[in-house]
Amino acid sequence: CPRCDLALSYHRKINAATCHYCGFQRRPPESCEECGLEEGLRLGGTGTERIEEAVQRRFPDYSFVRMDSDTMKTRNAHEKALEKFRRGSAAVLVGTQMIAKGLDFPNVTTVGVVNADVSLHLPDFRSRERTFQLLAQVAGRTGRGPAGGRVIIQTFMPDDPSIEAAAGHNYERFAEEELAHRRRLHYPPFGRMARIICRGRKLDVVERYMTELTGELRRLCEEADDGSAVLGPALAPISKIRRRHRVHALLKCPDSAAVHRLLAGVDALLKGPSGAKVLVDVDPISML
């Protein structure tokens, strides 16, 4: 996407690629924009539309319903799709994480998860927790009836503790290992965090401001000498949205009092530079 520097999602029905962050759309190129090659171009990816096509080829006699951000745009779309699946008008339900929890269908006997390790590659200390949580929730969609059920997980990291624990329905093992890991690194719940993100159209302005801000925060951390630390600044994992560059930094503190004390110490700086916006997220849910 020229506005967000993110990959576009291709939709076959409208023959266009879309950015899910800003709505930008474009037709796929007929030739390579780098070398001019006109033959051999193909569309790749493992989105729900592609998965639906693959499963339909394997099971041509079954009807399908797909639930994702592209098919669930109209009013009552969720209810209609789930009712179709509940009645048996559709034998297969393909979807994103929106179908991973909260659904009760006693006749479901098989659940499959594709690319179960995707969330493990996100730069977020909660990545294993979220992977385990998602897999445990998905597994709970099957086996609710007398016929029992099974879960098939496709992953490139079958030995990861979160996936092993989820496959074995072993919450105690996962919690014990994950908590020990977080205790060593002073991550929540053994510490508190705050994320500061600045976004603006001029990258040099945003970077210069964040360098100044984190420098002052580090000075305050040294004065406090309580184990608080500053990580960054660095480009956010999603470094640009709607043509606005995003740079962030993280505060790691032993308790909430330390977080508030440090933020209060840079209160004047948190107003940000002209043409940019600063956001402070205490106990951040997302690191993207």
*If you put +1 on each Lys and Arg Cβ and -1 on each Asp and Glu Cβ, how big is the dipole of the chain around its Cα centre, in Debye rounded to 20?*
1120
*When the chain is treated as a GNM, springs tying every alpha-carbon pair under 10 Å, which of Thr131, Thr74, Thr48 comes out with the largest mean-square fluctuation?*
Thr74
_Relative contact order (%) - criterion: Cα under 8 Å, at least six apart; region: the chain_ = 15
*Given the protein chains as shown and a 1.4 Å probe, how many square angstrom of Glu223 are accessible, to the nearest 10?*
120
*asked:* Cut-off 10 angstrom, C-alpha nodes, Gaussian network model of the chain. Which of Phe125, Phe156, Phe174 fluctuates the most?
replied: Phe156
_So if each residue of separation counts as 0.36 nm, and I subtract the Cα-Cα distance between Arg86 and Leu270, what length gain in nm does that give?_
61.1 nm
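By the scheme Lys and Arg +1, Asp and Glu -1, what is the net charge of all other residues having a beta-carbon under 13 Å from that of Ala268?
-2
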*In terms of the Cα gyration tensor, with a ≥ b ≥ c the square roots of its eigenvalues, is the chain rounded because a/c is under 1.5, prolate because a/b exceeds b/c, or oblate?*
oblate
*In a GNM of the chain with a 10 Å cut-off on Cα contacts, which of Ala236, Ala136, Ala77 has the highest mean-square fluctuation?*
Ala77
*Would you tally the net charge around His181, using a Cβ to Cβ cut-off of less than 14 Å, leaving His181 out, and scoring K and R as +1, D and E as -1?*
0
*Using alpha-carbon positions, what is the distance between the centroids of the range 23-37 and the range 58-88, in Å?*
31
*Check cross-link reach from Lys277 to the lysines: straight Cα distance under 26 Å, and skip same-chain residues fewer than eight apart.*
Lys202, Lys240, Lys252
_Shape verdict for the range 207-280, please, from the Cα gyration tensor: rounded (a/c under 1.5), prolate (a/b greater than b/c) or oblate._
prolate
*Residue separation times 0.36 nm, minus the C-alpha to C-alpha distance between Leu179 and Arg261: what's the value?*
26.9 nm
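The values are calculated or read from the model by the stated rules, or taken from the named source; none is laboratory data. All figures in this text were calculated on a predicted structure; none of them were measured in a lab. Here the Cβ is made from the backbone with ideal geometry for all residues, glycine too, and neighbour counts use every protein chain on show. To get the accessible areas, we keep the full protein, side chains included, count just its heavy atoms, and leave off ligands, DNA and RNA. Shrake-Rupley method; radii C 1.70, N 1.55, O 1.52, S 1.80 Å.
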